[in-house]
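Computed from the coordinates by the stated procedures, all read-outs in this text should not be read as laboratory data. Nothing here was measured: the structure is a model prediction, and the numbers come from that model. Glycine gets a Cβ as well: all are built from the backbone with ideal geometry, and neighbour counts include every protein chain shown.
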Amino acid sequence: MSENIKRMQNIVGSFMEKSLKIPAYDGFSKAACIALFLAREEAKRLHSPYVDEESILLGLISEENGVASQTLKAQGITLKNARTIVERLKGKGGGFKADVVPFSPRADRILEQAQEEAKKMYQSPIDTEHLLLALIDKAGEGTTVQLLTQMGVDCDMLRATITGNFDE
């Protein structure tokens, strides 16, 4: 795990452990909050004016401890490879830099869909696997399925693997 990721996880973890609420992340697990925090950092790294679904995917991979990250790593997905494909698909923004990067409308819908995924599984709080399920939702208009497919992942099998973890 890189030092930057460890540092970010420690910052977010200590922030949450002090019981300070982040209104946008209320109802999300610690791992999901860390992944969303890392998604913002990925958006900044890409000089994007907003957090989009690709940033969320990169944040989920970066988080390292959640079900989403572990499942993607079992499929052979690495942060380095995912970043390369995202950059090839999107490029890097044209010098845009901001301290606060808002969520795009599509990313907001992904957060709402993650809440629905958690409800379908009778789970609370919303966790990383729910975010990943929302990203690969067939009804979605996003690019995550395309990205994962380019990386050799069968998204139907990925969904079955994640939901199968909770059928016990």
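Descriptive notes on the structure:
- Residue within the range 87-105 that is touching a residue at least 40 places away in the same chain (Cβ under 8 Å), buried (at least 18 other Cβ atoms within 10 Å of the Cβ) and assigned to a helix (DSSP H, G or I) present: no
- As for the range 70-82, it holds at least one residue that is surrounded by fewer than 17 Cβ atoms within 10 Å (Cβ to Cβ), closer than 21 Å to ARG159 by Cβ and of a type in the set (A, V, I, L, M).
- The lone exception for LEU79 - which of (1) out of contact with any Lys or Arg (no Cβ under 9 Å at 6 or more places or on another chain); (2) farther than 20 Å from VAL100 by Cα; (3) touching a residue at least 24 places away in the same chain (Cβ under 8 Å) it fails: (3)
- Subset of the range 43-73 (residues that are without any contact (Cβ under 8 Å) to a residue 24 or more places away in the chain and either β-branched (Val, Ile, Thr) or farther than 19 Å from ALA118 by Cα (or both)): ARG45, ILE61, LYS73
- Considering residues of the range 117-129 that are touching a residue at least 24 places away in the same chain (Cβ under 8 Å) and assigned to a loop (DSSP other than H, G, I, E, B) only, the residue nearest to the chain's Cα centre (by Cα): ASP127
- Qualifying residue in the range 130-141 (condition: touching a residue at least 24 places away in the same chain (Cβ under 8 Å) and either touching a strand residue (DSSP E or B) at 6+ places or on another chain (Cβ under 8 Å) or surrounded by fewer than 19 Cβ atoms within 10 Å (Cβ to Cβ) (or both)): yes
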